[in-house]
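The structure's right below; bear with me while I get my questions together.
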Amino acid sequence: MLQQAFIGLGANLGEPESTLKEAVLRIADIPGVRFVQVSSLYKTEPIDSSGPDYTNAVLEIKTELSPRLLMTQLLAIESDLGRVRPAGVHNAPRTIDLDLLAVGEQCSEDPFVLLPHPRMTERAFVLVPLAEIAPQFNIAGKGQVQAFLAFTADQRINRFKSAEEWFGNLGECNGSENGTQAR
């Protein structure tokens with residue numbers, strides 16, 4: 001059974017826009033995943049971190065994978081795209097960050113994959129692009145995404161490219177909702 005899932009994408013090192021696009025294409029190529037849509041790109045200031053501004057987006061997929069298996073795939077993509085996790089450095093600048101935000105209405109306390117993502121309601125870089133593509137989405141056990149936007153109003157976030165501008169033909173992903181093939 002396919003479930004709706006959302007993935008937060010972010011990067012602030014290297015070539016963030018091209019890295020995020022490559023990540024979306026790789027996620028869409030995972031067996032058991034179907035691309036639905038991706039948000040615009042947003043520039044955001046680092047939170048509890050240093051380095052240049054982040055480029056962020058949110059991806060909606062449908063998946064038959066378990067959250068644990070999907071998270072394993074996301075971590076492999078991060079590694080392939082050069083993500084380094086320095087020991088003892090929390091929120092270090094990164095070439096790619098893929099956060100599994102939600103899988104349907106599932107709640108999970110598994111330390112490997114907490115669902116819904118425990119800080120998603122506190123981060124404009126998640127809420128604003130998520131509200132763009134799924135304004136009525138209900139965050140399991142918390143409420144609608146729109147209800148949390150006011151709490152992040154003090155966080156700087158600027159939309160700078162629409163999904164079409166940065167991602168091109170939205171139907172180009174393998175397994176997309178319209179059934180066209182990748183690339």
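Enter the accessible area of F125 (Å², nearest 10), with the probe set to 1.4 Å and all protein chains included.
Accessible area of F125: about 50 Å².
Another question about this same structure. If you average the alpha carbon positions of the range 18-38 and of the range 128-172, how far apart do those two centres end up, in angstrom?
17 Å
Taking amide hydrogens as modeled 1.01 Å from N in the peptide plane, which residues meet the under 5 Å criterion relative to Q3, leaving out close sequence neighbours?
Counting only residues 5 or more places away or on other chains, the set is T63, E64.
Here's another thing I want to ask about it. Before rounding to the nearest 500, sum -39500 (n - 2.57) across all DSSP H runs of length at least 4 in the chain and divide by the residue total; then give [θ] at 222 nm in deg cm²/dmol.
-7000 deg cm²/dmol
Same structure again: For the range 1-87, what is the charge dipole size about the Cα centre, in debye to the nearest 20, if Lys and Arg each add +1 at the Cβ and Asp and Glu each add -1 at the Cβ?
Here the range 1-87 has a charge dipole of around 260 debye.
To continue, here is another question. When all protein chains stay in place, what accessible area (Å², nearest 10, 1.4 Å probe) is found for R159?
Roughly 140 Å² of R159 is accessible to a 1.4 Å probe.
Oh, and also: Fully extended, how many nm does the chain gain between S18 and D53 (0.36 nm per residue separation, minus their Cα-Cα distance)?
Gain on stretching S18 to D53: 11.0 nm.
Related question: What is the gain in length, in nm to one decimal, between E45 and C107 on full extension, counting 0.36 nm per residue of separation less the C-alpha to C-alpha distance?
Contour length minus Cα-Cα distance gives 19.4 nm.
Moving on to the next point. Starting from the Kirkwood Rh over alpha-carbon pairs, what translational D in µm² s⁻¹ does the range 1-68 have by Stokes-Einstein at 37 °C and 0.692 mPa s?
255 µm²/s
Something else about it: Please compute the length gained on full extension between Q146 and S79, using 0.36 nm multiplied by the number of residues separating them and subtracting their Cα-Cα distance.
Here the segment from Q146 to S79 would lengthen by 20.9 nm.
If I ignore ligands, DNA and RNA and count only protein heavy atoms, how much of K43 is accessible to a 1.4 Å probe, in Å² to the nearest 10?
Here the accessible area works out near 70 Å².
So, one more: Pairs of Cα atoms under 8 Å, at least six residues apart: use those to get the relative contact order of the chain, whole percent.
After rounding, I find 30 percent.
The values are calculated or read from the model by the stated rules, or taken from the named source; none is laboratory data. What you see is a predicted model, and the numbers here were worked out from it, not measured in a lab. We place every Cβ from the backbone using ideal geometry, glycine too, and count neighbours over all the protein chains shown. What goes into the accessible areas is simple: the full protein's heavy atoms, side chains included, and nothing from ligands, DNA or RNA. Shrake-Rupley method; radii C 1.70, N 1.55, O 1.52, S 1.80 Å.
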